[in-house]
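Shown next, in structure tokens, is the structure this report addresses.
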Amino acid sequence: MMIFKHTYHKQRCENINPIFLLNADIVCSLRWRVLLIGIMILVGIHSQAATAQGVQTETNQVENNKTELNQPQFNQTEKNQTVSLQAQSDPTETNQANNTQLQINQPESAPLITKLKSIGFENIAVRLTAADLTIAYENRVYRSQHRALAEVLKTVAQSGVTADSLHILMLYREQPMSQLSTSLADLRAMIAGEISYQQWQQGSRFTLEHSQSLEELRGVERVQKTRFRPEILAGLGMRYQLGNYNNPYRFAFDLQPELRLPLPYGVTANVRMAVPLYNNFDQNDFIRPSLITLTYERRLVDGVYASATTGIFTRNRKGWHSMLKAFLWEEVFSVTLEGGQTLFTDLTGNPFLRSFEERDFHFYTASADYRWRRYDLNIRAQYGKFLYEDTGLRVDVHRHFGDALFGFFFMDTRFGNNYGFSFSLPFPQRKSVKAGPVRFRTATHFPVTYHYQGNDYRARSHETGITMREALMEFYPSYLRKEMERWFYTPKRM
């Protein structure tokens with residue numbers, strides 16, 4: 001295993017408010033400002049839960065804050081740019097020169113765009129200058145993001161495009177997630193077997209920061225957009241209980257077909273059904289919806305992501321949910337704020353304990369995530385008021401093993417404590433099937449969670465249609481570095 005080292009350029013600011021007599025470099029960081037605003041949002045949610053009034057007012061406040069944060073921040077210099085990007089002096093002159101060069105070289109990049117489109121990538125944008133080739137794409141073809149990135153790299157290496165540096169921007173639901181910058185000559189040398197994958201990746205840069213590439217692609221038309229191109233998935237759901245002496249093994253399996261429809265501006269409509277296959281667990285032995293949501297997910301600035309959703313959720317809940325996630329130290333340390341309100345619904349099936357679940361619930365939590373990159377180990381500590389208003393702490397530890405995810409958890413709330421383990425196994429299908437504008441594939445994973453003390457209400461959560469936090473894990477720079485090696489295996493020379 002290798003530990004990847006990065007350097008930072010601290011940004012300072014002027015006119016520091018004397019209220020924040022903390023480290024000026026930290027307080028003035030744009031990410032911390034966004035985080036402080038998010039904390040104020042959750043404080044408002046807490047006040048709303050205590051008074052049970054002003055739900056609409058608080059929702060409007062959240063939307064207003066999100067609108068203010070949604071302004072692009074392209075005037076700041078991106079940290080740790082490659083040498084070719086640092087060499088830019090006058091942005092105005094550089095953009096004029098690039099625009100001229102772009103018009104001249106556009107025919108050269110046309111075959112590359114055609115090839116990426118034929119593979120099935122979407123939201124493709126390509127900008128070619130004499131020095132740089134910048135590509136943005138979204139993957140709904142391959143099950144894993146590292147496989148998709150490997151295919152893009154191979155396609156670029158085999159094309160006739162000439163440039164000094166290559167910058168690849170990976171998108172998810174139209175939002176930039178991660179970026180790779182490398183030398184195009186080194187990439188072709190690695191593909192040809194002249195240098196090893198390890199040698200190539202040491203000279204390449206994987207990062208969650210991509211403002212410069214976004215600016216380069218501003219105004220470039222995207223090809224094969226995902227908007228209004230539905231995706232149909234086939235998943236499998238399981239409910240179970242072990243240890244009841246009169247019936248020690250109780251299971252329920254549901255086929256879960258799901259329709260995902262991308263809409264403009266990062267909005268996605270989800271409809272998931274539950275079709276019973278086998279059930280000796282409960283009375284939900286009829287076809288029913290299990291998730292109907294309208295979800296908005298957005299990158300605010302580099303390393304800061306916001307999500308909001310409304311609709312019908314799992315666990316017999318309906319309402320709204322919001323999330324703000326900020327990376328404070330690359331992928332190593334991040335914080336997440338969540339909050340929302342739910343009401344009871346029996347549209348998704350019969351509840352476990354109706355007399356308790358028919359109440360309205362408010363919830364809000366704050367969590368801190370640490371990633372030990374050397375071992376692909378993720379540690380999360382989450383505190384707050386969970387789905388059923390039980391205040392307490394939950395700790396999760398999980399690790400990737402290839403495309404599979406294994407972990408365990410512990411929780412201690414006012415309802416008591418519990419612990420268990422979870423795993424998420426990938427389905428065999430690695431590539432989607434396209435029929436016209438519609439894509440068909442299985443769900444990416446089959447998740448299973450085991451609680452030692454069985455069915456209870458301690459530190460519970462529900463599916464809301466927000467997938468940004470889980471999706472980001474597949475775009476972590478260290479994860480991409482490690483998992484892509486399998487697609488570029490170079491035999492050792494004798």
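The values are calculated or read from the model by the stated rules, or taken from the named source; none is laboratory data. Computed from a predicted model, the values in this text were never measured in an experiment. Glycine also receives a Cβ, built like all others from the backbone with ideal geometry; neighbour counts cover every protein chain displayed.
Odds and ends about this structure:
- Residues in region 158-172 that are farther than 29 Å from G303 by Cβ and either hydrophobic (A, V, I, L, M, F, W, C) or free of Cβ contacts under 8 Å to residues at least 40 places away in the same chain (or both): Q158, V161.
- L343 vs. criteria among the hydrophobic types (A, V, I, L, M, F, W, C), in contact with a Gly (Cβ under 6 Å, 6 or more places away or on another chain) and buried (at least 22 other Cβ atoms within 10 Å of the Cβ): no
- Any chance V438 is among the β-branched types (V, I, T), in the same structural domain as L324 (by TED's automatic domain parsing), in contact with a strand residue (DSSP E or B) (Cβ under 7 Å, 6 or more places away or on another chain) and modelled with pLDDT under 90: no
- Within region 368-377, the residues that satisfy the criterion of being closer than 22 Å to L324 by Cβ and buried (at least 20 other Cβ atoms within 10 Å of the Cβ) are D369, R371.
Residues are listed down the side, and each one gets a yes or a no for (1) aromatic (F, W, Y); (2) surrounded by 18 or more Cβ atoms within 10 Å (Cβ to Cβ); (3) more than 21 Å from R147 (Cβ to Cβ):
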site: R380; (1), (2), (3): no, yes, yes
site: L393; (1), (2), (3): no, no, yes
site: G407; (1), (2), (3): no, yes, yes
site: N418; (1), (2), (3): no, yes, yes
site: F427; (1), (2), (3): yes, no, no
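- Among residues of region 347-392, those that are out of contact with any helix residue (DSSP H, G or I) (no Cβ under 9 Å at 6 or more places or on another chain) and either of a type in the set (G, A, S) or not assigned by TED's automatic domain parsing to the domain that holds W320 (or both), counted: 6
- Residues that are buried (at least 16 other Cβ atoms within 10 Å of the Cβ) and closer than 22 Å to W487 by Cα, drawn from region 429-440: S432
- Residue-level analysis places H445 outside the set of residues that are touching a helix residue (DSSP H, G or I) at 6+ places or on another chain (Cβ under 9 Å) and either in the same structural domain as K318 (by TED's automatic domain parsing) or at pLDDT below 90 (or both).
- Candidates Y450, Y457, Y419, filtered to the one that is touching a residue at least 24 places away in the same chain (Cβ under 8 Å), assigned to a loop (DSSP other than H, G, I, E, B) and not assigned by TED's automatic domain parsing to the domain that holds L169: Y457
- Among the residues listed as Y419, Y457, the single one being modelled with pLDDT under 90 and among the aromatic types (F, W, Y): Y457
- Qualifying positions in region 348-369 - over 31 Å from the mean Cα position of the chain (by Cα) and either in a helix (DSSP H, G or I) or over 30 Å from V397 (Cα atoms) (or both): N350, R354, S355, F356, E358, R359
- G465 meets the conditions (1) touching a strand residue (DSSP E or B) at 6+ places or on another chain (Cβ under 9 Å); (2) modelled with pLDDT of 85 or more; (3) at negative phi in every case but one. The failed one is (3).
- When the residues of region 290-347 are filtered to those that are of a type in the set (D, E, K, R) and outside any strand (DSSP E or B), the one that is farthest from M473 (Cα to Cα) is D346.
- Just one of the listed residues (G160, G193, G203, G219) is among the small types (G, A, S), surrounded by fewer than 19 Cβ atoms within 10 Å (Cβ to Cβ) and closer than 30 Å to M468 by Cβ, and it is G219.
A quick yes/no check of all residues on (1) surrounded by fewer than 17 Cβ atoms within 10 Å (Cβ to Cβ); (2) within 21 Å of N350 (Cβ to Cβ):
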{"site": "L233", "(1), (2)": "no, no"}
{"site": "Y240", "(1), (2)": "yes, yes"}
{"site": "R250", "(1), (2)": "yes, yes"}
{"site": "D254", "(1), (2)": "no, yes"}
{"site": "P264", "(1), (2)": "yes, no"}
{"site": "A269", "(1), (2)": "yes, no"}
{"site": "A274", "(1), (2)": "no, yes"}
{"site": "F281", "(1), (2)": "no, yes"}
